[in-house]
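**Q** For reference, the structure I am asking about is given below.
The values are calculated or read from the model by the stated rules, or taken from the named source; none is laboratory data. Owing to the predicted nature of the structure, the values given are computational and were not obtained by experimental measurement. Virtual Cβ from ideal backbone geometry, glycine too; neighbours counted across all protein chains shown. Protein only, heavy atoms only, side chains kept; ligands, DNA and RNA dropped before computing areas. Shrake-Rupley method; radii C 1.70, N 1.55, O 1.52, S 1.80 Å.
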Amino acid sequence: MRLKELALHLGLSQTTVSRALNGYPEVNEETRRRVLDAARRHGYQPNANARRLATGRAGAIGIVLPTDRNMLLDPHYMEFQAGLGETLLADEIDIVLSPTRGSDEMATYRRMAVGSRVDGVVLSSPLIADDRVRLLTELGLPFVLHGRTESPVAHAWIDIDNEGAFRHATKHLIDLGHRRIGLVNGETRFTFARDREAGFRSALAARGIAVDERFVASGVMSDEIGYRITERFLCETPRPTALLVSSMMMSLGAFRAIRAAGLELGRDVSMIAHDDVFPFLNPDVMVPTMSTTRSSIRAAGKRVGELLKELVEGRAAETIHELWPVELVVRASTGPAPDG
């Protein structure tokens, strides 16, 4: 069914039907519901190009893709994009990836704003002090930040409770009798890693346990870095009896280092890793199964898409602050601290 036919069926003008389908405020709610119900019943699909002309919007959201980082090989990045795409697909909104060198990232955002190629932007991996927030606000380009930053500029963000998650996980290990606990963290220039370390330290301090700085390290969240850090920890005397690891990818390397040292995960060394719920890396089928702090990054991508659409429709950025709780799932990789 075409727009003209739908309008004739409803006894309305094509302009009224088009405005109802596109959410114009001058169409009353009763008429809007009537139009939407009829469109669903008759399988009407609005023409995306016509809708863009009618609304003056690009029908796309932008994401900057740094060429100096292998983002398309990063499972965190791809899962987030998959969730984002699920939300945008329903409204035929495209994702525009703009490649850039790291030093040119701010210029890329300026081009996005000036060229009106996108209606909004998704920001990920925020730094503790992130200049992108101020720039995009000054440019008037709507954006949602996945994560948090210390920028004083009011902005929309959604994040998980990284500090609370690692505080809870550390407390669980302490309750099992562990006192020598290591932290294998992501890069501490990012807010999430800073917050996870804060949760780790506060849990130890609350129990009067001093942090052994030899067992605190950070790096790129990869299998290789997880292996190198854990290997170094296990060479210390006495070695840590438990580890907190910032990603499942790092935990694979940590697990290899534990086995290479002739130790048994869950008996000689306990481990809790953060799980972003990857479909190809299920902690329930690992041997032994992996204890995790769990929060779906795909679900976060879906929610960011929903919130960005609301921003484009006019919602105030300062009203969008979502902090999601993180679940601790205890499995076989954690056990009582070994004697000695």
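**Q** Looking at the range 254-269, which of its residues are farther than 17 Å from VAL216 by Cβ and open to solvent by less than 60 Å² (accessible area, probe 1.4 Å)?
**A** PHE255, ILE258, ALA261, LEU263, LEU265, GLY266, ASP268, listed by residue number.
**Q** Turning to a different aspect of this structure: Go through the range 196-223 and count every residue that is aliphatic (A, V, I, L, M), open to solvent by 50 Å² or more (accessible area, probe 1.4 Å) and in a loop (DSSP other than H, G, I, E, B).
**A** So the count comes out to 3.
**Q** Next up: In the range 271-284, is there at least one residue being farther than 23 Å from MET78 by Cα and out of contact with any Leu (no Cβ under 6 Å at 6 or more places or on another chain)?
**A** Taking every residue of the range 271-284 in turn, none turns out to be farther than 23 Å from MET78 by Cα and out of contact with any Leu (no Cβ under 6 Å at 6 or more places or on another chain).
**Q** Mind listing whichever residues of the range 108-136 are assigned to a helix (DSSP H, G or I), loosely packed, with under 15 Cβ neighbours inside 10 Å and aliphatic (A, V, I, L, M)?
**A** VAL114, the sole residue that qualifies.
**Q** Being of a type in the set (Phe, Trp, Tyr), outside any loop (DSSP other than H, G, I, E, B) and under 24 Å from ASN185 (Cβ atoms) is the requirement here; does PHE255 meet it?
**A** In short, yes.
**Q** A further question on this structure: Take the range 311-329 and flag every residue that is out of contact with any helix residue (DSSP H, G or I) (no Cβ under 7 Å at 6 or more places or on another chain), in a loop (DSSP other than H, G, I, E, B) and among the aliphatic types (A, V, I, L, M).
**A** Correct list: ALA316 only.
**Q** All but one of (1) out of contact with any helix residue (DSSP H, G or I) (no Cβ under 9 Å at 6 or more places or on another chain); (2) at pLDDT below 90; (3) farther than 28 Å from MET1 by Cα hold for ALA107; which doesn't?
**A** (2)
**Q** Test VAL118 against the stated conditions and say whether it is in contact (Cβ under 8 Å) with a residue 40 or more places away in the chain and not polar (S, T, N, Q).
**A** Answer is yes for this residue.
**Q** Working only within the range 281-310, note down all residues that are under 14 Å from SER251 (Cβ atoms), touching a helix residue (DSSP H, G or I) at 6+ places or on another chain (Cβ under 9 Å) and not β-branched (Val, Ile, Thr).
**A** Matches in the range 281-310: LEU281, PRO283, MET286, MET290, SER291, ARG294.
**Q** Considering only residues that are open to solvent by less than 40 Å² (accessible area, probe 1.4 Å), in a loop (DSSP other than H, G, I, E, B) and closer than 23 Å to GLY266 by Cα, which ones fall in the range 137-184?
**A** GLY177, HIS178
**Q** Follow-up question, since we're still on this one. Being closer than 29 Å to ILE93 by Cα, among the β-branched types (Val, Ile, Thr) and buried (at least 19 other Cβ atoms within 10 Å of the Cβ) is the requirement here; does VAL277 meet it?
**A** For VAL277, the condition - closer than 29 Å to ILE93 by Cα, among the β-branched types (Val, Ile, Thr) and buried (at least 19 other Cβ atoms within 10 Å of the Cβ) - is not met.
**Q** Right, here's the next one. When residues of the range 74-92 are filtered for being open to solvent by 40 Å² or more (accessible area, probe 1.4 Å) and either closer than 15 Å to VAL312 by Cα or small (Gly, Ala, Ser) (or both), how many remain?
**A** Here the count works out to 3.
**Q** Now a separate question. Answer yes or no: is there a residue in the range 229-242 that is under 29 Å from the mean Cα position of the chain (by Cα), part of a strand (DSSP E or B) and touching a residue at least 40 places away in the same chain (Cβ under 8 Å).
**A** yes
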